[in-house]
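Here's the structure we're looking at; comments come further down.
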Ligand SMILES: [Ca+2]
């Protein structure tokens, strides 16, 4: 790795809910130079603390502090290869009020690029099947909770190791609502492909949703800059078995990098817990589909 700039900016406030940890400029290898490219790094963070890894402001992955030293790899999607980027490591607050300081540490070391067969060449969305969780790969998905001062542990978003719940493989994404006016969500990035001669770009995924009495579940595409301006959005209805969904994307967005968000949004009284309602999402992929505009 070619390192040109380290900016010592520990805990520099950017926005009320985030802290900048550090920045380094890197030149990522091309796929021809280093196939199956992954960024490898060693870190140690306070248990429960999270650090987002971003390339030129585009989220790449999330490191989870456990209190012990870990070495992990983050797959580089195709758009992140063969160019110069500024990597940011951002340490977020965890929804704790200003009167209750969120004290935590995060140490990073030994950044390098390596080849890992789990990091597929040409991928426009990394690890949509979540199977990287069974290795030393850090998934490109990252997770947030807006608990609205609730401590209900059933309000949760994570990857589960459960072959019986997964559509394929061992791992599946679960987002779960359990209280009014709280929400959880998982994000990742995707690059919009060029349309084929008779098929337009789309996001394809499968979901299973046993009950949605008090939670609104959605899968949305958003601009990277906002994370809130929906470009395309699908609300998920109850589905006892895995159901295939195709989210068409305007082909004028070909080449753009978008945010993909899976959300569980609790409805109703903010002080009322309800029976946990999970959604399971698996096998997410970027495709072209002949049912989409091209
Ligand atoms: Ca899976």
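Each value in this text was obtained by applying a stated rule to the coordinates, not by laboratory testing. Predicted, not measured: the structure shown is a model, and the values here were computed from it. Don't worry about glycine lacking a Cβ; one is built from the backbone with ideal geometry, like all the others, and counts go over all protein chains shown.
Checking the a/c ratio against 1.5 first, then a/b against b/c, what shape does the Cα gyration tensor give for the range 131-289? Prolate shape, in that a/c is at least 1.5 and a/b is the bigger ratio.
Taking a ≥ b ≥ c as the square roots of the Cα gyration tensor eigenvalues, with a/c under 1.5 meaning rounded and otherwise prolate when a/b beats b/c, else oblate, which class fits the range 201-294? The shape class here is oblate. As a proxy for reagent exposure, ranking 275, 23, 74 by other Cβ atoms within 10 Å from fewest up yields 275, 23, 74.
Looking at the square roots a ≥ b ≥ c of the eigenvalues of the Cα gyration tensor of the chain, which shape do they give, rounded for a/c under 1.5, prolate if a/b is larger than b/c, or oblate? Oblate, because a/c is 1.5 or more while a/b does not exceed b/c. What FRET efficiency comes out for the pair residue 152/residue 232, r = Cβ-Cβ distance, R0 = 35 Å, nearest 0.05? Once the sixth-power term is evaluated, E becomes 0.70.
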